[in-house]
Amino acid sequence: MQLHRLSIIGVGLLGGSIGMAVRSALSDCQIIGYGHRKETMKRAVQVGAINQGTGDLKQAVEGAELVVLCTPVGILGQMLSGMSDFLTQGAVMTDVGSTKASIVESAGRILPGGVQFVGSHPMAGSEKRGIEFARADLFQNALCITTPTQRTAPAALDRVEEFWRMLGMRTCRMTPADHDRALAEVSHLPHALAAALVTMQSPEAMELAGKGFLDTTRIAGGDGGLWRDIFLDNAPNLRAAIGKLRGQLDAFERLLEPGKAEELRRWLDEAAGKRHAVLQEKLREVTPD
């Protein structure tokens, strides 16, 4: 892939890892990072995530062929407005946000003609946050979902997908709406459930919590502000997912009644089988024959 100047807006875990991975693949690419904290920019340069850091949006994006938005979902629209006048004609922009409908709509409304936006959601990361946790192999064998629309130029879509594949990712395509519905169920609701499981515990019960509880609730350790923005941005889909979960919990409660032991076992076995099948498929994806 030919890429001479890359702009990364927000150099934390994902932005820093993108920079490191690009530096590994394209040593001659000039990578400019944007952020408000000078110490973060200094650290990003030290670890090799960027060549240069700046707190000036104009300086960050001018001349960039590709701009990657790595800021929280709640301020993506604000960032688009702030940089739109400084983007180079022919530039392509993408993002790493966990919701897609709102950012795709905002980009279509705010960005000038001649600048293409392609929504992306690299399914990689952790509950940790910050440049100190960035690493070049974060995206290896993980899935990146792109969300083109009828307005997306094929060349821009190809370029963004080529970029993610260069970082070691597999790619697939969904509409922004389909993405947000699916992620509400497999990502956003599980995070909320982990938080609820922790919140419901008494201090006495927490003293008894073991590895299973900690494994189940690991993602509750994520940044509250970041996840608040995701939940609010995807609230309609999240409400629908809560309804589906409520149905499963009601069914589970009914299975606790006398005489339902065999049905309860089948319910549990069905879940175990479904999880095993998904796990095997994921293993085949990362270790193909």
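Shown in residue order for region 7-14 are the 3J(HN,Hα) couplings computed by the Karplus curve 6.51 cos²θ - 1.76 cosθ + 1.60 at θ = phi - 60°: 10, 10, 9, x, 10, x, 4, 6 Hz (x for Gly and Pro).
Taking the 1.4 Å solvent-accessible surface of the chain as the whole, the part contributed by carbon and sulfur is 54%.
So for region 1-81, Kirkwood radius off the Cα pairs, Stokes-Einstein at 20 °C and 1.002 mPa s: how many µm² s⁻¹?
Working: Rh = 12.3 Å.
Stokes-Einstein gives a translational diffusion coefficient of 174 µm²/s.
Placing unit charges on the Cβ atoms of the charged side chains and taking the dipole of the chain about its Cα centre, the candidate lying farthest along the positive direction among A101, G48, H276 is G48. Normalised by the number of residues in the chain, the average gap of Cα pairs under 8 Å and 6 or more apart makes the relative contact order 16 percent.
Here region 160-196 is scanned for amide nitrogen atoms under 14 Å from the site 7 Å beyond the Cα of N141 along Cα-to-Cβ, giving 168-170. Here each label is just a point 7 Å from Cα along the line to Cβ, and for C172 and A235 those points are 3.0 nm apart.
Spin-label model, E65 to E105: label points 7 Å out along the Cα-to-beta-carbon direction sit 3.4 nm apart. Straight-line cross-link reach from K42 at under 25 Å between alpha-carbon atoms covers these lysines, not counting any fewer than eight positions away in the same chain: K58, K128. If R0 is 41 Å, the Cβ-Cβ spacing of R275 and R228 corresponds to a FRET efficiency of close to 0.90. For q = 0.06, 0.09, 0.16 Å⁻¹, what log10 I(q)/I(0) does the chain give under the Debye formula with an equal point scatterer on each alpha carbon and no solvent? Evaluating at q = 0.06, 0.09, 0.16 Å⁻¹ gives log10 I(q)/I(0) of -0.23, -0.49, -1.33. By the rule of a C-alpha distance below 26 Å, with chain neighbours fewer than 8 residues away ignored, the lysines paired with K244 are K100, K260, K274, K282.
The residue list F252, H179, S126 was ranked by how far each Cα lies along the charge dipole of the chain toward its positive end, using unit charges on Cβ atoms, and S126 comes out on top.
For region 54-100, what does the convex hull of the Cα positions come to per residue, in cubic angstrom? List each step's numbers first, then the result.
Details: hull volume 3.5 nm³, N = 47.
Taking the convex hull of the Cα positions in region 54-100, it is 75 Å³ per residue.
Measuring nothing but how far apart in sequence close Cα pairs (under 8 Å, 6+ apart) lie, relative to its length, region 90-167 scores a relative contact order of 33 percent.
Before rounding to the nearest 500, sum -39500 (n - 2.57) across all DSSP H runs of length at least 4 in the chain and divide by the residue total; then give [θ] at 222 nm in deg cm²/dmol. Before the final figure, lay out each step's value.
Numbers: 13 runs with 143 residues, N = 289.
Taking each H run of at least 4 residues, the total per residue is -15000 deg cm²/dmol.
Cβ-Cβ distance of N51 and M123, R₀ of 25 Å, FRET efficiency by 1/(1 + (r/R0)^6): the value works out to about 0.35.
Annotation note: trypsin sites (Lys or Arg not before Pro) in region 130-235 located in DSSP loop regions with a Cβ neighbour count of at most 12 within 10 Å are R151. If you take the Cα centroid of region 1-80 and the Cα centroid of region 148-168, the two points sit 19 Å apart. FRET efficiency for the E257 to T216 pair, using the beta carbon distance and R₀ = 25 Å, is estimated at 0.45.
Mean separation of Cα pairs under 8 Å and 6+ residues apart, divided by the residue count of region 22-175: what relative contact order is that in percent? Before the final figure, lay out each step's value.
Working: 246 pairs, mean separation 26.3, N = 154.
Reported relative contact order: 17 percent.
For the chain, the Cβ-based charge dipole about the Cα centre amounts to some 220 debye (Lys, Arg positive; Asp, Glu negative; other atoms uncharged).
The values are calculated or read from the model by the stated rules, or taken from the named source; none is laboratory data. Note that this is a predicted model, so its numbers are computed, not measured. Because the Cβ atoms are built from the backbone with ideal geometry, glycine has one as well, and the counts that use them run over all protein chains shown. With ligands, DNA and RNA removed, areas are computed over all heavy atoms of the protein, side chains included. Shrake-Rupley method; radii C 1.70, N 1.55, O 1.52, S 1.80 Å.
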